[in-house]
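A short worksheet on the structure shown next.
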Amino acid sequence: MQPVREGLFRACDDGTARLLGGRCGECQRVHFPRGETCPYCSAEDCSDAELGPRGTLWLYTSVLRAPPGYRGDVPFGFGIVELEQGARVISRLTEADPARLRRGQSMRLVVDRLHNDEDGNPVSTYAFAPEGE
Ligand SMILES: [Zn+2]
């Protein structure tokens, strides 16, 4: 599948994915997406860091109506996941039913189909799936 944008994530052979983030050489904190400047201490000493695949669900909701410009399926899950490396990221969730999600749930990063392009080819993005599914 074609990624929705280059440089955001990488698919792994085991079906999981990694976010292409950055690690600050000064404060050692990680961030996503990758930036030249650390969002925590403003140092410009950031290097590449692959983040995930495990995380913990912090907040979640179900998006029932398509946001402007969005061409994928609705409803879809959306939430904040704290990565095992410490950063919190806003992400699509593979589970759209809030009744099947809970705060503190173990999640894993996967590649998910976002929509099909004009030629009918699938376009992928990263998403968090409940662990064990
Ligand atoms: Zn920093």
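Scanning segment 85-114 for residues that are over 14 Å from the mean Cα position of the chain (by Cα) and on the phi > 0 side of the Ramachandran plot returns a single hit, Gly104. Taken over segment 45-93, the criterion of being surrounded by fewer than 19 Cβ atoms within 10 Å (Cβ to Cβ) and in contact with a Cys (Cβ under 7 Å, 6 or more places away or on another chain) is satisfied by Asp45 alone.
Listed by position, the strands (runs of 3 or more DSSP E) contained in segment 48-122 that have at least 2 residues being more than 20 Å from Phe32 (Cβ to Cβ) and at pLDDT below 95 are 106-116. Would you pick out the residues in segment 65-88 that are touching a Gly at 6+ places or on another chain (Cβ under 7 Å) and either polar (S, T, N, Q) or within 14 Å of the ligand (Cβ to nearest atom) (or both)? The one that is touching a Gly at 6+ places or on another chain (Cβ under 7 Å) and either polar (S, T, N, Q) or within 14 Å of the ligand (Cβ to nearest atom) (or both): Ala87.
Taking first residues from segment 107-120 that are farther than 13 Å from Gly52 by Cβ and partners that are hydroxyl-bearing (Ser, Thr, Tyr), the Cβ contacts under 7 Å between residues at least 6 apart in sequence or on separate chains come to Asp112/Thr94; Asp112/Ser124; Asp112/Thr125; Arg113/Ser124; Leu114/Ser124; Leu114/Thr125.
For segment 5-33, residues that are away from the ligand (no atom under 13 Å from the Cβ), part of a loop (DSSP other than H, G, I, E, B) and of a type outside the set (A, V, I, L, M) total 9. Exactly one residue among Ser42, Ser91, Ser62 is within 16 Å of the ligand (Cβ to nearest atom) and either among the polar types (S, T, N, Q) or within 20 Å of Val4 (Cβ to Cβ) (or both), and that residue is Ser42. Contact annotation: residue pairs with Cβ atoms under 7 Å, 6 or more positions apart or on different chains, pairing a residue in segment 29-42 that is free of Cβ contacts under 8 Å to residues at least 40 places away in the same chain and within 19 Å of Leu109 (Cβ to Cβ) with a partner that is surrounded by 13 or more Cβ atoms within 10 Å (Cβ to Cβ) and of a type outside the set (A, V, I, L, M, F, W, C), are Pro33/Gly21; Arg34/Gly21; Arg34/Gly22.
Return yes or no: is Tyr40 surrounded by 13 or more Cβ atoms within 10 Å (Cβ to Cβ) and part of a loop (DSSP other than H, G, I, E, B)?
yes
The values are calculated or read from the model by the stated rules, or taken from the named source; none is laboratory data. Remember, predicted model here, so these are calculated numbers, not experimental data. Using ideal geometry, Cβ is built from the backbone for each residue, glycine included, and neighbour counts are taken over all protein chains shown.
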